[in-house]
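Chemist: Okay, handing you the structure first.
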Amino acid sequence: FIWHICFAEKPMVIIAEFGSNPAAYGWNFESWCRAAAQAGATHAKVQLWQTDHFPEAEWEEKWRYEFPRSRLKEFVETAHRYGLKAGASVFDADAVYLTTHLLTCDFLKLAAREQLNFELRSSCVESGKPVYRSVSDLENFVPWRREVTLFAIQHYPARMTGALLTLLSVARFFKNTGWSWGWSSHTRGWLDCAMAARLGAVVIEKHLALERSDPEGGHSLLPGKFMHMVRRVQAWAVN
């Protein structure tokens, strides 16, 4: 309980989710971390899934966007140089070990598709790193220490109207529980992120793209729009 109150009083966390977008640029972390920092993000994140984590029917599409784990150190160092906290979404034990023992990622992320993977969840929490965990339903919500739960709508892109309606229910749920929470946005815009901050979210995660044609450009914001989102989030955030 004491830890929860202390965490909630920290400044707003704004995660620039790179996702698969840098694959189209040869995983050039310099340009991505610079854009994230200039847009006002506090954190930057990549995804460490491997192609065989997905159904075999998706392998042909996924392999070209698989993050090169040998370059994770380069990403972390570049993010730190731009004043960003560096983190990664982890999907297996090797990724947890890589990010917490061999390298020094600042935080870990669990994707919504892993919300029932309690073994992976335990290894993340036991690492001692801050953990942000996306979920797509709250029916069996069980909070753990060192975690902040981010609600995510698993549609790409998510419709803004539906996102705002869902957000009202999510905010009401967390207000009743008293736990810190966040919002992982997959819409085309920024309004849901600003509204989440207004309703009490302490973490906002949003995909960043450099061009609309990027692999996940359909549910990402370009740097200028991302900066506008950050300003709205900061202006609307509950103090």
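Chemist: So which pairs qualify, if the first residue must be in region 141-168 and among the aliphatic types (A, V, I, L, M), the second must be outside any strand (DSSP E or B) and surrounded by fewer than 14 Cβ atoms within 10 Å (Cβ to Cβ), the Cβ gap must be under 8 Å, and the two must be at least 6 apart or on different chains?
Modeler: ILE153/GLY162
Chemist: While we're on this one: Filter region 194-221 down to the residues that are closer than 11 Å to TRP183 by Cα, out of contact with any Asp or Glu (no Cβ under 9 Å at 6 or more places or on another chain) and not in a loop (DSSP other than H, G, I, E, B) and list them by number.
Modeler: Matches in region 194-221: ALA194, MET195, ALA196, ALA197, VAL203, ILE204.
Chemist: Restricting attention to region 126-133, does a residue exist that is acidic (Asp, Glu), modelled with pLDDT of 95 or more and in a helix (DSSP H, G or I)?
Modeler: Checked against the condition, which is being acidic (Asp, Glu), modelled with pLDDT of 95 or more and in a helix (DSSP H, G or I), region 126-133 yields no hits at all.
Chemist: Say we look at region 10-19 and pick out the residues that are open to solvent by 10 Å² or more (accessible area, probe 1.4 Å) and either β-branched (Val, Ile, Thr) or without any contact (Cβ under 8 Å) to a residue 40 or more places away in the chain (or both); which of these is nearest to TRP181 (Cα to Cα)?
Modeler: My answer is VAL13.
Chemist: Would you confirm whether or not region 164-179 contains a residue that is in a strand (DSSP E or B) and farther than 18 Å from ALA237 by Cα? Show your work before the answer.
Modeler: Initially, region 164-179 is screened for residues in a strand (DSSP E or B), giving none.
No; the residues of region 164-179 include none that is in a strand (DSSP E or B) and farther than 18 Å from ALA237 by Cα.
Chemist: Another question, if that's okay. Looking only at region 137-155, count every residue that is modelled with pLDDT under 95 and part of a loop (DSSP other than H, G, I, E, B) and tell me the total.
Modeler: Pass one, region 137-155, residues modelled with pLDDT under 95: 137-147, 154-155.
From the residues that got through so far, the ones that are part of a loop (DSSP other than H, G, I, E, B) too are 137-146, 154-155.
Matching residues across region 137-155 total 12.
Chemist: Having 1 or more residues that are open to solvent by less than 10 Å² (accessible area, probe 1.4 Å) and under 19 Å from SER123 (Cα atoms) is the bar; report the helices (runs of 4 or more DSSP H) wholly within region 20-97 that clear it.
Modeler: So the answer is 93-97.
The values are calculated or read from the model by the stated rules, or taken from the named source; none is laboratory data. It should be emphasised that the depicted structure is a prediction, and the values quoted were computed from it without experimental measurement. Note: ideal-geometry Cβ built from the backbone for every residue, glycine included; neighbour counts use all protein chains shown. Note: accessible area is taken over every heavy atom of the protein model, side chains too, but ligands, DNA and RNA are not part of it. Shrake-Rupley method; radii C 1.70, N 1.55, O 1.52, S 1.80 Å.
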